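Undergrad: Quick one: the structure is below, questions incoming.
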Amino acid sequence: MIELQGVTKRFGSFAAVRQVSLHVSRGEIFGLLGANGAGKTTLIRMMCGILKPTEGTGTILGWDMIRDQQTIKENIGYMSQKFSLYPDLTVEENLRFYAHVYGVRQPVAERVESLLREFELTGVRKTRVSELSGGVRQRVAFASAIVHEPPLLFLDEPTSGVDPLTRRAFWEMLYQMADRGTTIVVTTHYMDEAERCDRMAWMNRGRIVAEGSLAELRRRFAPRVGNRKATLEEMFVYAMEEGEDHDGQDVG
Ligand SMILES: Nc1ncnc2c1ncn2[C@@H]1O[C@H](COP(=O)(O)OP(=O)(O)O)[C@@H](O)[C@H]1O
Ligand SMILES: [Mg+2]
């Protein structure tokens with residue numbers, strides 16, 4: 001579903017993403033973990049066909065990241081960090097709008113109805129998005145991102161500012177989608193969410209410093225932390241600090 005080789009993005013002389021190589025298979029939930037400014041959003045925007053890499057190559061759903069940006073954009077789902085809903089439109093109007101944008105095959109009214117039901121939004125269908133609570137707005141944003149039933153979904157901090165119960169329900173939904181074959185790339189600050197991913201990559205200053213399942217990462221990092229039962233957070237912090245030591249050798 002995703003195959004990246006040496007992908008770099010520079011803004012002027014500053015490299016926001018450096019030499020990222022990545023492989024994500026069908027039905028995986030893949031997490032991107034990193035502090036603010038690590039480059040997660042920039043990397044996601046390149047994989048969504050919104051930004052062109054400065055260097056490197058890659059394919060998304062088999063399409064070329066550089067040549068086929070438009071096709072990629074139309075075939076993936078993207079829930080951006082700042083939800084791109086129209087605050088003055090109602091829930092229903094937002095869903096209808098995105099159904100048209102993505103050229104949903106099924107009749108739009110039908111698809112919108114089924115999303116309203118699936119996400120328990122029928123009660124707020126006529127409510128303006130600006131009047132919704134964070135958790136409900138998140139559901140609308142998510143429904144908008146999957147209106148065209150994309151096989152590949154990018155979620156950029158989808159649960160920031162959402163209460164724990166809502167977060168848990170959100171993850172249940174992600175599991176169900178992954179079980180049905182949807183591939184999901186998700187960024188998060190929350191360690192408990194990262195632990196729920198099949199595999200994850202840790203980003204620091206534009207680079208992927210480690211990648212694997214929690215078990216793989218634990219085999220690699222727990223001995224270095226000096227605790228067989230090291231938590232994800234302890235290992236992650238260790239890897240970030242280790243990265244600082246080698247920073248002098250960084251290029252680009
Ligand atoms: N359009 C841009 N122009 C210049 N710098 C940018 C731009 N977008 C992001 N950056 C910088 O790139 C770095 C990575 O940002 P971002 O990808 O948003 O990180 P994250 O999502 O991990 O917080 C940050 O230092 C940010 O300021
Ligand atoms: Mg971000």
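The values are calculated or read from the model by the stated rules, or taken from the named source; none is laboratory data. Please read these numbers as outputs of a predicted model, since none were measured by experiment. Cβ: placed from backbone, ideal geometry, glycine included. Neighbour counts: every protein chain shown. These accessible areas exclude ligands, DNA and RNA; they are computed on the full protein's heavy atoms, side chains included. Shrake-Rupley method; radii C 1.70, N 1.55, O 1.52, S 1.80 Å.
Undergrad: Whether any residue in the stretch 148-167 is of a type in the set (K, R), away from ligand 1 (no atom under 16 Å from the Cβ) and closer than 15 Å to T90 by Cα is what I want to check.
TA: No.
Undergrad: Would you list the helices (runs of 4 or more DSSP H) that sit entirely within the stretch 138-242 and hold 2 or more residues that are free of Cβ contacts under 8 Å to residues at least 12 places away in the same chain?
TA: 164-179, 214-225
Undergrad: For the stretch 72-83, which residues satisfy the criterion of being open to solvent by less than 70 Å² (accessible area, probe 1.4 Å) and under 19 Å from V162 (Cα atoms)?
TA: Y78, M79, S80, F83
Undergrad: Has the stretch 22-30 got any residue that is open to solvent by 60 Å² or more (accessible area, probe 1.4 Å) and either within 12 Å of ligand 1 (Cβ to nearest atom) or touching a helix residue (DSSP H, G or I) at 6+ places or on another chain (Cβ under 7 Å) (or both)?
TA: Among the residues of the stretch 22-30, not one is open to solvent by 60 Å² or more (accessible area, probe 1.4 Å) and either within 12 Å of ligand 1 (Cβ to nearest atom) or touching a helix residue (DSSP H, G or I) at 6+ places or on another chain (Cβ under 7 Å) (or both), which makes the answer no.
Undergrad: Taking R137 as the residue in question, decide whether it is among the basic types (K, R), closer than 26 Å to Y175 by Cβ, open to solvent by 20 Å² or more (accessible area, probe 1.4 Å) and touching a helix residue (DSSP H, G or I) at 6+ places or on another chain (Cβ under 7 Å).
TA: When the stated conditions are applied, R137 passes them.
Undergrad: Can you say whether D192 is loosely packed, with under 13 Cβ neighbours inside 10 Å and either within 10 Å of G31 (Cα to Cα) or at pLDDT below 95 (or both), as far as the supplied structure shows?
TA: no
Undergrad: A follow-up question, please. Considering the stretch 168-189 alone, what residues qualify as being more than 15 Å from ligand 1 (Cβ to nearest atom), buried (at least 16 other Cβ atoms within 10 Å of the Cβ) and not aliphatic (A, V, I, L, M)?
TA: Listed by number, the residues that qualify are F170, W171, T182, T183.
Undergrad: While we're looking at this one, here's another question. Whether any residue in the stretch 149-166 is modelled with pLDDT of 95 or more, under 29 Å from I72 (Cα atoms) and open to solvent by 20 Å² or more (accessible area, probe 1.4 Å) is what I want to check.
TA: yes
Undergrad: Could you please give the count of residues in the stretch 68-83 that are away from ligand 1 (no atom under 16 Å from the Cβ) and touching a helix residue (DSSP H, G or I) at 6+ places or on another chain (Cβ under 7 Å)?
TA: Residues flagged as away from ligand 1 (no atom under 16 Å from the Cβ) and touching a helix residue (DSSP H, G or I) at 6+ places or on another chain (Cβ under 7 Å) within the stretch 68-83 amount to 1.
Undergrad: Let me ask another. Tally up the residues in the stretch 43-65 that are surrounded by fewer than 21 Cβ atoms within 10 Å (Cβ to Cβ) and either within 16 Å of ligand 2 (Cβ to nearest atom) or modelled with pLDDT under 95 (or both), please.
TA: Matching residues across the stretch 43-65 total 3.
Undergrad: Could you tell me which residue of the stretch 196-228 is nearest to ligand 1 (Cβ to nearest atom), considering only residues that are open to solvent by 30 Å² or more (accessible area, probe 1.4 Å) and over 21 Å from H23 (Cβ atoms)?
TA: Going through the qualifying residues, I end up with R205.
Undergrad: Within the stretch 84-106, can one find any residue that is open to solvent by less than 70 Å² (accessible area, probe 1.4 Å) and within 16 Å of ligand 1 (Cβ to nearest atom)?
TA: The answer is yes, given that some residue of the stretch 84-106 is open to solvent by less than 70 Å² (accessible area, probe 1.4 Å) and within 16 Å of ligand 1 (Cβ to nearest atom).
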